[in-house]
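> Got a structure for you, questions after.
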Amino acid sequence: MPSRSRVGPSHGRDGRQRSNRKFRWLRGAARRILSPRCIKRGTLGESMRAKLALLLLTTGLVPLANVAAHHSPAMLYDLTKEITVTGVVTEFQLGNPHMRIYLDVDNNGTTEKWLAEGGSRTQLMRVGWTEDEVKPGDKVTVRGHPPRDATRHLIHMEYLTLPDGTEQFAEDIRYEQFQRRRPQ
């Protein structure tokens, strides 16, 4: 059987495969930089080593950012206790990561600034919350959990009583459902 010579766009006249000239320099540089022999000999510059280490470190940490951002309210609030706070709304944000209502609360003649933090925008909008649910100047009552640090004026809002007397659920999930499911 006669030998076939390979001649064409991917092979040269001598029959050997041609490499893509555009990326030949990149393959060669990557091969030299990442070769263990090059790193062992120390021919790879210190700044390049630092850049490579930084790149590997950041690509390894990026997936962890989402994990750190997702948290339980039990980190900040005592879910075993419940408090009620009544005040005048100064600002309302139906935003991410949580809905926030800033309140001026009268405490025996002195005004305290409180923050009521509720569920996520997406979950609340699915159950009917709107951007104009609460307006500055509205007098509302918030029922929820106090902060673990008693010096802070925070409340983990579960229920919000609007000026017209309507009580709305203001959290993503009902924690009492989990209490009922736990084995005794």
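The values are calculated or read from the model by the stated rules, or taken from the named source; none is laboratory data. Note that the coordinates shown come from a computational prediction; the quantities given were computed from them, not determined experimentally. Here Cβ is always computed from backbone atoms with ideal geometry, including for glycine, and neighbour counts include all displayed protein chains.
> When only residues in the range 102-158 that are in a loop (DSSP other than H, G, I, E, B) and either among the aliphatic types (A, V, I, L, M) or not assigned by TED's automatic domain parsing to the domain that holds Thr90 (or both) count, which is surrounded by the fewest Cβ atoms within 10 Å (Cβ to Cβ)? Walk me through it before giving the result.
Initial filter on the range 102-158 (in a loop (DSSP other than H, G, I, E, B)): 108-109, 118-120, 127-138, 146, 148-153.
Remaining after also requiring either among the aliphatic types (A, V, I, L, M) or not assigned by TED's automatic domain parsing to the domain that holds Thr90 (or both): 127, 134, 150.
Numbers: Val127: 11, Val134: 22, Ala150: 8.
Ranking the candidates gives Ala150 first.
> Applying the selection to the range 159-184, what residues are in a loop (DSSP other than H, G, I, E, B), modelled with pLDDT under 65 and not basic (Lys, Arg)? Explain how you work it out, then say what you get.
Step one: list which residues in the range 159-184 are in a loop (DSSP other than H, G, I, E, B), which gives 162-166, 170-174, 182-184.
Now narrow it down to the ones that are modelled with pLDDT under 65: 182-184.
Scanning the range 159-184 gives Pro183, Gln184.
> Within the range 131-154, how many residues turn out to be modelled with pLDDT under 95, over 19 Å from Asn96 (Cβ atoms) and aliphatic (A, V, I, L, M)?
1
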